[in-house]
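Encoded as structure tokens, the structure appears first; notes follow it.
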Amino acid sequence: MKRRLFLFRVIAIAIPFGILLVLELALRLFNYGYDYRLFVEDKQNRDYWVMNQDASKKYFPDQTIATTGNKEPFKKEKNPNTIRIFVLGESTTIGYPYFHNGSFHRMLFYRLMHSMPDKNFEIVNVSLTAVNSYTILDFARQVVDQQPDAVLIFTGHNEYYGALGVGSTQQLGTSRGLVKTILYLRQLKITQLLTNAWLHLRSLGGKGNSEKKDRMELMAKDQNIAYVSAQFNAGVDQFQKNMEETLQLFQDHDVPVYLSTVVSNEKDLTPFVSEKPADNKQKNFDDAFHEGMNALTIGDLPQASINLKKADSIFSRSAICNYQLGRTFLQLGQTDSARAYFTKAVDLDMLRFRAPSAINKTIRLLSGKYHNTILVDAEAAFQHYAAHQVIGNDLILEHVHPNITGYALLSQSFYEAMKKKGFLKVQEGNEMSFDELIHRMPVTKPDSLAGYYKVFNLKRMWPFAARNPSKKDTLSVVSQEEQLAYAMAFDHKSWETTQSELYAYYISNSDSASAKKVIEGLLLEHPLDTELYEMAGNICGQLHDYKYALSYFKRSFQLQPSVSKAKTILVLLLQEDMPADAIPYIDYAIHNTTSGYDYTSLKKTTAAIVQLKTLADKTPGDFALLNNIATQYYTMGNKSCAEKYVKRVLQLAPSNKDALLLNTRLKQRG
């Protein structure tokens, strides 16, 4: 009897679970809901993975405001010569407001592509806007399975208002254990069904999000989080524990992590919300503060500092008072004191869209705790580069997002850290300098303008507009580039369509240099498109930029070899006096050509030049060897290299007969 009763109880318990299991299987069978995996098969190429555009929905209880990331393909099976780097973070890390080639990871990719042409780089950015360390940790668990050679992390601003943040509308609770459990359960189709049902009922009740609100306002629930309050400390604690688990995970898998400090606008952005003194202190504080501001307005800096310090002594938690003290001491030339006040102003700002200094302190501590974690001190780099060594509008667009120069500087910070650690070994003479990166990086004028337009629009919305409601500036959109930028910024046209129209515009105006930037930008977006590499190589050749032409043709050849590409590359290599490098491409042409061209004879002449150059390097004063090299180049029709060696002889021996004779023949050939 007892056994039968026990059996009935087991069945009674099992039935509900069985029903749930059947329902889960049925939902999966009919592909209900979303696939939350971070990586899915690339529909354009089944040998590659790309970031799943639905992955972010796992972290947003209200999936209508979930964000999407990049689609940057990487091989399922990593090639031996490949360096694979993953990038984790939030809106700054993905490159807001420029995205695409305005992001620091694309700048890093472009630089490495040309500084280390013998290596194949896969830099995969899986960052999302409006997320925080919960997403970083969850993504990290899937990144470790993809053979990363390194991971770059820039995060910390969204611990309060990012998805699952302690002050966010997109919150699942304050307990990390509870949040992690719910995230795990959200992978189940039943959980998704219940979530969708709840959202539907919520919308029927009129509690949906207002379309008039921007994302910042939609995400910020608790807009008065006081410094070192329980909620403030919870945000810092959440960040520390999630990052500890993330870094420990990568350390366990022996993956180096480059973890960066975060940056924000301190000098040129007044605090959003400043805490007010208690009633018994309000009048005295206001009097001292207003006297200080009056003195600051008329330029009486010593008196301003006295009055503002007095106000701070009455109530030391005023963000706006500390900000104005920062301005005062900056004008007095006391940079260290100014920076300290600006930092305190950010810490005290109760609307927490900028990371408090405790976040960077945590990042520095964690970098010393895990042996595989390397500190990237972007904050120090920005301070060093910024005017008066305080970060402001010269590098930051609004509150946290860098401008183009700022993103280049962030890229430089990671690049230098990886070089210093020995992870990157750049051959001498090949390295692209920081100044060259800024000059050459294919961010078009419309790309830059579109970012400006987005930020211009952002600043007319909450919380920026709340502090300057009378501002009614308008955008001037006149030129073709400005019109394309405007259409791209406000989603009237896709980035791809804009680039296509921009390329046609530059070509029609014979602006090859600008057209080159468009093509280079497109190939960074589509690094597997061999045709784009050929187009970039051709346009670089037209501009006599042979080093970069070679680089692009070589990458096209690596992806899809052909005799025509091999011929183009070997011709460029011979023109650049690099005969040894040309021989593998000549060999490829010999074994694969279907034309009647005599590549064997070309190889014989090229090999002879290689041998002569080796001898000439040992005996640089041997004019006969130099004349012989010139003759060999002349024989194959390479006039520029022939002239190069004749000129070298005549500089050392102006009356050398063989050189003079060959020089005459070169002039006659024209």
If you go through the range 291-306 one residue at a time, how many are assigned to a helix (DSSP H, G or I) and over 16 Å from residue 333 (Cβ atoms)?
8
Contact list please: Cβ distance under 8 Å, first residue in the range 377-393 and within 14 Å of residue 411 (Cα to Cα), second residue polar (S, T, N, Q) and assigned to a loop (DSSP other than H, G, I, E, B), pairs at least six apart or on different chains.
377/261; 378/261; 379/261; 380/261
Only unsatisfied item for residue 228, checking (1) in a helix (DSSP H, G or I); (2) under 27 Å from residue 383 (Cα atoms), is (1)
Condition test on residue 309, is it more than 33 Å from the chain's Cα centre (by Cα), of a type in the set (Lys, Arg) and either modelled with pLDDT under 95 or in the same structural domain as residue 375 (by TED's automatic domain parsing) (or both)?
no
Name, by its number, the condition in (1) within 24 Å of residue 527 (Cα to Cα); (2) touching a helix residue (DSSP H, G or I) at 6+ places or on another chain (Cβ under 7 Å); (3) surrounded by fewer than 16 Cβ atoms within 10 Å (Cβ to Cβ) that does not hold for residue 43.
(2)
Just to verify a result, which residue in the range 46-95, among those that are part of a helix (DSSP H, G or I) and outside the structural domain of residue 118 (by TED's automatic domain parsing), is surrounded by the fewest Cβ atoms within 10 Å (Cβ to Cβ)?
64
Just to be sure before I move on: is residue 363 crowded, with 23+ Cβ neighbours inside 10 Å, farther than 30 Å from residue 445 by Cβ, under 20 Å from the mean Cα position of the chain (by Cα) and in the same structural domain as residue 130 (by TED's automatic domain parsing) in the structure I sent?
yes
Just name the residue that is farthest from the chain's Cα centre (by Cα) out of those in the range 613-670 that are among the hydrophobic types (A, V, I, L, M, F, W, C) and not in a helix (DSSP H, G or I).
653
Can you find a residue in the range 257-280 that is in contact (Cβ under 8 Å) with a residue 60 or more places away in the chain, of a type in the set (Asp, Glu) and surrounded by 21 or more Cβ atoms within 10 Å (Cβ to Cβ)?
yes
Looking at this structure, is residue 580 at pLDDT 95 or above, assigned to a helix (DSSP H, G or I), under 29 Å from residue 524 (Cα atoms) and of a type in the set (Gly, Ala, Ser)?
no
Residues that are surrounded by 24 or more Cβ atoms within 10 Å (Cβ to Cβ) and over 21 Å from residue 421 (Cβ atoms), drawn from the range 140-161:
156, 157, 158, 159, 160, 161
Checking residue 266 against (1) modelled with pLDDT of 95 or more; (2) assigned to a helix (DSSP H, G or I), the condition it does not meet:
(2)
Which members of the range 406-445 meet the condition of being closer than 22 Å to residue 499 by Cβ and either surrounded by fewer than 19 Cβ atoms within 10 Å (Cβ to Cβ) or not small (Gly, Ala, Ser) (or both)?
407, 437, 438, 439, 440, 441, 442, 443, 444, 445
Test each condition in (1) farther than 22 Å from residue 376 by Cα; (2) touching a residue at least 40 places away in the same chain (Cβ under 8 Å); (3) in a loop (DSSP other than H, G, I, E, B) for residue 148 and report the one that comes out false.
(1)
Condition met for residue 28 (in contact with a Lys or Arg (Cβ under 8 Å, 6 or more places away or on another chain), part of a strand (DSSP E or B) and either in contact (Cβ under 8 Å) with a residue 12 or more places away in the chain or on the phi < 0 side of the Ramachandran plot (or both))
no
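The values are calculated or read from the model by the stated rules, or taken from the named source; none is laboratory data. Owing to the predicted nature of the structure, the values given are computational and were not obtained by experimental measurement. Cβ sites come from the backbone with ideal geometry, for glycine too, and all protein chains shown count toward neighbours.
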